[in-house]
1. Name the pairs whose Cβ atoms lie under 7 Å apart, with the first residue in region 32-46 and under 15 Å from SER96 (Cα atoms), the second modelled with pLDDT of 95 or more and open to solvent by less than 50 Å² (accessible area, probe 1.4 Å), and 6 or more positions between them or separate chains?
2. What number goes with the only condition from (1) more than 11 Å from the chain's Cα centre (by Cα); (2) modelled with pLDDT of 95 or more; (3) of a type outside the set (Val, Ile, Thr); (4) surrounded by 19 or more Cβ atoms within 10 Å (Cβ to Cβ) that SER96 does not pass?
3. How many residues, within region 113-132, are in a strand (DSSP E or B), open to solvent by less than 50 Å² (accessible area, probe 1.4 Å) and farther than 18 Å from MET63 by Cα?
4. Please go through region 49-73 and give me each residue that is open to solvent by less than 10 Å² (accessible area, probe 1.4 Å) and part of a loop (DSSP other than H, G, I, E, B), ordered by number.
5. For SER79, indicate whether it is of a type in the set (Gly, Ala, Ser), open to solvent by less than 60 Å² (accessible area, probe 1.4 Å), closer than 17 Å to GLY185 by Cβ and at pLDDT below 95.
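The values are calculated or read from the model by the stated rules, or taken from the named source; none is laboratory data. For clarity, every value in this text was computed on a predicted model and none was experimentally measured. Cβ: placed from backbone, ideal geometry, glycine included. Neighbour counts: every protein chain shown. SASA here: full protein model, heavy atoms, side chains in, ligands and nucleic acids out. Shrake-Rupley method; radii C 1.70, N 1.55, O 1.52, S 1.80 Å.
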Amino acid sequence: MHIHLFRRLRTALTLTILSLSFLKAGAKLPRLSAEPLAGYDIESVKRAMDSRPLHHIEGIWLMTDTSAKVAIELEDDASGIEATAATAYRIVLLSSPNRALRPGTVMGRIIPAAKEGVYQTELYTSATGSRLSSPAAFTAELDKSDNRIVMTRHRSAFSVNLWRTLPYMWRYVVRKNRSAPTYHGCVRIYPAPVPPLQPIYL
């Protein structure tokens, strides 16, 4: 019986490791965020954006769950992120309620998917002091007005419950996860949304 239990534990651990490997396989962000980019404030970003045509997703955005303000802009070599042949955008912090996080910190990365208005996205999900960590995969969907982005986090399709490796419970070791709806994301600040997101009273 001990041999069978050991084999079941070993199989469960293998499945866990494999699932984590699959989650990390597409990661392009460093494990920790790099030093902040220089010269990042809202006014300087606005001037830079005014100087060239913008892609649909580019602009200054308010993150609805944290109230942080971020810039989404075309990526360049200064971000310290692994290069890709595809068009890519970076998400750069402009201001945050967390005073330890500094403007110019690269918070994430966006690559267009095959479907219009849908983007493969990576975001840091944890903060320790002034550094961000724990990059995770999301899908970002830009609405037809180009004024709202909804972020949905990717999760493994299956999870492993090690308690279920006890005898007579093997059939429950691996279970399918059910995704819950999410409405986290961003609303556009600049360029000013047209039509406005809220009524303007004269």
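1. From residues that are under 15 Å from SER96 (Cα atoms), the pairs are PRO36/GLY104; PRO36/THR105; TYR40/VAL92; TYR40/LEU94; TYR40/GLY104; ASP41/LEU94; ILE42/ILE60; ILE42/LEU94.
2. That leaves (2) as the condition not met.
3. 0
4. ILE57, GLU58, ALA68
5. So SER79 fails the test.
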